[in-house]
Amino acid sequence: RIITILDRTFKAIDQAKTNTEQNLKNAKELFESYLNRIFEEKGDDWEEKTLKEISEDFGRGKSKHRPRNDKNLYDGDYPFIQTGDVRNCEHYITDYSQTYNDTGLAQSKLWPTGTICITIAANIAETGILSFDACFPDSVIGIVVNTKITNVDFVEYLLQSFKVNIQSLGKGSAQENINMGTFEEKLFPFPSIQEQRQIVQQLDNLSAGTKKVELILQQKLDSLKELKTSILQKAFRGEL
């Protein structure tokens with residue numbers, strides 16, 4: 001009898017878990033769909049420009065010293081961002097796992113807060129905006145946008161929407177990668193800076209709403225997992 005009850009209960013929990021996971025996936029896809037639609041349905045007055053044209057500083061990061069993992073470069077005051085840190089962020093880079101000391105900084109470059117980072121090796125075409133001054137290696141491109149003609153958040157959202165397209169340019173090698181030329185030559189659509197700000201506001205609002213839904217759904221998944229564990233423990237103790 002208990003086995004039958006447990007079987008029915010666990011099937012119900014598993015179904016609820018499956019439904020919640022699908023809803024979580026749908027919430028993430030909703031934002032991506034809206035983001036892509038904005039740039040697919042661009043206005044006739046949008047201008048095609050390269051990233052270099054809208055930047056004050058545009059180039060690869062630096063890490064000249066070899067070997068790169070020399071311990072004498074690390075454990076200082078300067079955040080050192082790598083491709084994984086960019087991949088794991090959501091719009092803004094808020095965390096880092098390593099730091100350079102003065103020796104490390106001397107063979108690198110400190111990029112300012114607000115720099116857009118684009119990975120061009122390993123985790124290709126991942127993007128994020130620095131929320132602090134930081135160094136990064138040449139596997140990351142840095143873009144300091146000209147704020148008189150473009151909005152930094154708009155450019156990062158723009159790059160998010162083109163990620164799949166950009167990643168396809170890096171396929172075909174043992175380790176997928178792209179290079180500076182990919183971004184120096186590629187044209188991207190830009191509306192007026194006023195419209196850029198409006199688009200950013202819309203995307204920020206949708207992103208915030210999506211994150212709230214994702215948090216609720218993730219909490220539900222955690223609760224279902226805890227419920228299943230609790231029922232099993234009670235069954236083993238003979239409390240059912």
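The values are calculated or read from the model by the stated rules, or taken from the named source; none is laboratory data. Everything numeric in this text was worked out from a predicted model, so none of it was measured. We place every Cβ from the backbone using ideal geometry, glycine too, and count neighbours over all the protein chains shown.
Given the criterion assigned to a helix (DSSP H, G or I), of a type in the set (Ser, Thr, Tyr) and surrounded by 14 or more Cβ atoms within 10 Å (Cβ to Cβ), identify the matching residue among 18, 9.
Going through 18, 9 in turn, just one is assigned to a helix (DSSP H, G or I), of a type in the set (Ser, Thr, Tyr) and surrounded by 14 or more Cβ atoms within 10 Å (Cβ to Cβ): 9.
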Odd one out for residue 75, checked against (1) assigned by TED's automatic domain parsing to the domain that holds residue 140; (2) under 23 Å from the mean Cα position of the chain (by Cα); (3) exposed (fewer than 15 other Cβ atoms within 10 Å of the Cβ): (2)
Residue in region 90-97 that is without any contact (Cβ under 8 Å) to a residue 40 or more places away in the chain and aromatic (Phe, Trp, Tyr) present: yes
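Condition check: surrounded by 13 or more Cβ atoms within 10 Å (Cβ to Cβ), more than 28 Å from residue 37 (Cα to Cα) and at pLDDT 85 or above. Does residue 158 satisfy that? Please lay out each step first, then the result.
Details: surrounded by 13 or more Cβ atoms within 10 Å (Cβ to Cβ): yes; more than 28 Å from residue 37 (Cα to Cα): no; at pLDDT 85 or above: yes.
No: the conditions fail for residue 158.
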Selection within region 13-30 - touching a residue at least 12 places away in the same chain (Cβ under 8 Å) and among the polar types (S, T, N, Q): 20, 23
Matching residues in region 95-123 - criterion: being hydrophobic (A, V, I, L, M, F, W, C), touching a Gly at 6+ places or on another chain (Cβ under 9 Å) and either surrounded by fewer than 23 Cβ atoms within 10 Å (Cβ to Cβ) or not assigned by TED's automatic domain parsing to the domain that holds residue 183 (or both): 105, 121, 122
Wholly enclosed strands (runs of 3 or more DSSP E) of region 26-93 bearing at least 3 residues within 30 Å of residue 194 (Cβ to Cβ): 47-49, 55-60
Where a residue in region 31-58 is loosely packed, with under 14 Cβ neighbours inside 10 Å and its partner, wherever it lies, is of a type in the set (S, T, N, Q), with Cβ under 7 Å and at least six apart: 56/146
Top-ranked residue in region 214-228 [being among the hydrophobic types (A, V, I, L, M, F, W, C) and modelled with pLDDT of 85 or more; ranked as farthest from the chain's Cα centre (by Cα)]: 227
